[in-house]
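Structure first, commentary second.
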Amino acid sequence: MKDLVRWVCDEAKRRGAAFADARAGESTASGVFLQDGRSERLSQSTSRRLGVRVMKEGAWGFATTEDVTRAGAEAALDAALAMARASEKLPCDLADIAPVDPVIDTVAIEPQEDPRSVSAAEKMRSLQAFERAMLERAGDVAVNTIVNYSDTSVAETLANTRGTLLEVRTVRTWLGAGITVQREGLRQRAFERRAAQRGYELVRETTPEELSIRAADVALSLLGAALPPSGKFPVVFSPGVTGLFTHEAIGHNAEADLVLAGTSIIEGKIGEKIGSELVTIIDESDLGTTWGSYQYDSEGTPAQRRVIIENGVLRGLMHSLTTASHFGVPANGSGRAQDCGCRPQVRMSNTYIQPAEGNIQLEDMIRDIDLGLYAKGGHSGYVMCEKGQFTCHVGEGRMIRNGQLAEPVRDVAVNGMTLEALHNIDRVASDFSLDWPGMCGKGGQGMPNNCGGPHIRIKELVVGGQTELR
């Protein structure tokens, strides 16, 4: 692979490319999907791909092939150069890349137990044990169970015309369990997940109490919960909901390609105060085996700790080589691609609000709230970057009454305007959790992301209960 990607870069330079990079990789993936005691899906796949990207006369061309040979690489290079030539004739801004120092390195995530060494039958037995425990806890109110597992092993080699040559091997493992329960026509569901850059040891170390039994307990508790009152209330976010809010509300807005496209509410606000002085938001890539981590992005830029907001002031954006050049700043390692067959985009990694110093706990944050909401266990979120509006759907919550956690509530949705919410954060706790792994979609690609933070309090958000599931 090394000789092949270096040859592509040398040949691209010989043919007049101002910049070129080539990524060649092989991935092996397996998955098991168990539903209602049945094996719904077993999968096993292996793929090899080569992606070639060239910049010539300020225009980009990109091509990919599954023929990872000299002939396939030459054909991909021919196609990428032809696309760049065609793009030269289109009315668009000329591209350039930020200065980059060449890097030569080998990175390997070595699992304790390679998932490829574990049979599909053994993986299925593990999932069945999680499901049995979940059903035993839920009893006859269980109407649907899902336990899913996946692993991916990737070996990728990257070279560019600046002299970078990287070999990266990673392993990622995902485990999830969900249950739907029903009583007297009311249905509720809950889902728990574990995911990391680890091998099959992740499954062996996870207990049913941490995963499937917890999902059952949450779902059962929601059967006895009421819908929350609608209106505007003070809202306290658990660390998981803090992460969901941070990812959706500000994370996407801070991706520099969206700023360039004119679809971000923070365009032109670098150096301005856009939130409470209690708020510092970080996107950090090199956090060991955490799900969203990596040591080099898909352009060969080293992983970094990117300060997006510092004490309420917008300090920077996430950048690729191209967006960094446009803004006149150094690249900061946010150019990520789903695989070698996809071009890099600006993407988040591990995004979080920094906890406060001292010893500020949940109890301290609710003590002076007469009527409010504690939002816990975020399900999903959505943001309209250009409008600055966000929504978070929360699976479980508790009302706050007279400074105390009160009755449980279900099917909660909170929404607001991003910048207003950031300014209205008036308490940040000193606890911290970065445990909300997921796959974030953008531009047709899905990338591993993680998010989290401490408990936070927002003075006022719009709260509403969703329609009951029957």
Sorted peptide list for 442-449, 137-144, criterion being average Cβ within 10 angstrom, highest first: 442-449, 137-144
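Restricting to the chain, what percent of DSSP beta bridges are antiparallel, rounded to 5?
Taking every DSSP beta bridge within the chain, about 90 percent pair in antiparallel fashion.
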Averaged over all viewing directions, the convex hull of the alpha carbons in the chain casts a projected area in nm² of 22.8 nm²
7 Å from Cα along Cα→Cβ at both E363 and R183: what's the point-to-point distance in nm? 2.9 nm
Using 1/(1 + (r/R0)^6) with R0 = 56 angstrom and r between the beta carbons of E272 and Q35, what's the FRET efficiency to the nearest 0.05? 0.70
Under 28 Å Cα to Cα from K2, which lysines show up? Leave out anything in the same chain fewer than 8 places away. K13, K56
What are the GluC sites (Glu not before Pro) within segment 150-202 that DSSP puts in a loop, where the Cβ has at most 15 other Cβ atoms within 10 Å? E184
What's the exposure ranking of F390, F191, F233, going from fewest to most Cβ atoms within 10 Å? F191, F233, F390
Give K232/K376; K273/K376; K387/K459 a once-over and call out the pairs whose C-alpha atoms are over 24 Å from each other. K273/K376
Please state the equivalent ellipsoid semi-axes for segment 37-131: what are the square roots of 5 times the Cα gyration tensor eigenvalues, largest first, in whole Å? 42, 18, 15
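Read the figures in this text as sums done on the coordinates, not as results from a lab. Just so we're clear, the structure is a prediction, and the values are computed from it rather than from any experiment. Please note: Cβ atoms are built from the backbone with ideal geometry, for glycine as well, and neighbour counts cover all protein chains shown.
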